[in-house]
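Only one structure is covered here, and it is reproduced in the block below.
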Amino acid sequence: MKFGVIIFPGSNCDHDAYWTIQQVAKQPVCFLWHESHDLENCDAIIVPGGFAFGDYLRTGAIAKFSPVMESVRNFADGGGFVLGICNGFQILCESGLLPGALMRNTGLKYVCKPVQVRVENTVTPFTNACSQGEVLTIPVGHMEGNYFCDAEILDELHRDNRVVFRYSTPGGEISASANPNGSLDNIAGICSAGGNVVGMMPHPERSAEPELGGTDGMKIFQSMVGAMAAR
């Protein structure tokens, strides 16, 4: 099994994701340049956090036109595993791989801190190592993490169990006080209809080793490794 981490101009969490996969998860990984169509036979793609193309126009609005994203769309359509983290989540929404949009945080302030998220769906390739309702502590770092979609899409997300993570209190309560950015229904992560594409605002690569203050994020990568091994 092999991971690929995309690099866009402005990506700043690509090396963090690469390190976690190579040094912590102990899996083969390569970087994928945004101007290339070649996914180099990867079994899973990480669209990392950062500020792709400086977040000009809108977050992810320019990155979606990168040649690599055409290949990622085809890869996802064929059932390939794609994880978008923070800016990667924004890019996946702009690219049409996930519904909705990420808007400016309420309060218009950059938010960077550990938050708690409750696992709402454990049957995805990204959460199979988690327990239903488990609360994970994972850092966020974003200005545009306020997830929004229309009522019809929100109903669809709930009906099809596509809300993967929701911001919560340490005890698992879904409340406004636990919501760091004003995100609709406290949504912190969603998946595609097939479950093979997930976007999440928290950074699991920033909580994958004890040296970082916690290891809850490692469960996301463990889940992916397990899902690829089971294929």
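Derivation of every value follows stated rules applied to the coordinates shown; laboratory data play no part. What you are looking at is a predicted structure, and each value in this text was computed from that prediction instead of being measured. Every residue, glycine among them, receives a Cβ derived from its backbone with ideal geometry; neighbour counts consider all protein chains shown.
Structure notes:
- Legend: ranking of residues Ser177, Ser223 from fewest to most surrounding C-beta atoms inside 10 Å; resulting order Ser177, Ser223.
- Remark: the Asn128-Cys30 segment gains 32.9 nm on full extension, using 0.36 nm per residue and subtracting the alpha carbon distance.
- For the chain, a simple Cβ point-charge model (Lys and Arg +1, Asp and Glu -1, everything else neutral) yields a dipole of about 280 debye relative to the Cα centre.
- Segment Lys2..Thr137, full-extension length gain: 45.9 nm, with 0.36 nm per residue of separation and the alpha-carbon distance subtracted.
- Neighbour-count order for Lys64, Lys26, Lys2, fewest beta carbons within 10 angstrom listed first: Lys26, Lys2, Lys64
- Helix-only [θ]222 nm of the chain, DSSP H runs n ≥ 4, -39500 (n - 2.57) each, per residue, nearest 500: -6000 deg cm²/dmol
- Around the amide H of Lys2, modelled in the peptide plane, lie the amide H atoms of Asp43, Ala44, all under 5 Å away and 5 or more residues distant in sequence or on another chain.
- Using C-alpha pairs under 8 Å with a sequence gap of at least 6, the mean separation divided by the residue count of region 110-231 gives a relative contact order of 31 percent.
- For region 3-230, share of DSSP beta bridges that run antiparallel, in % to the nearest 5: 60
- Around Asp16: net Lys/Arg minus Asp/Glu count, Cβ-Cβ under 15 Å: -3
- Temperature 10 °C, viscosity 1.306 mPa s: under these conditions the Stokes-Einstein estimate for region 3-230, based on its Kirkwood radius over C-alpha pairs, is 93 µm² per second.
- Applying 1/(1 + (r/R0)^6) with R0 = 35 Å to the Cβ-Cβ distance of Gln22 and Tyr110 gives a FRET efficiency near 0.75.
- Counting lysine pairs in the chain that sit 8 or more residues apart in sequence, or on different chains, and whose Cα atoms lie under 21 Å apart gives 4.
- Each residue in Tyr18, Tyr56, Tyr147 was given a count of other beta-carbon atoms within 10 angstrom of its own, and listing them fewest first yields Tyr56, Tyr18, Tyr147.
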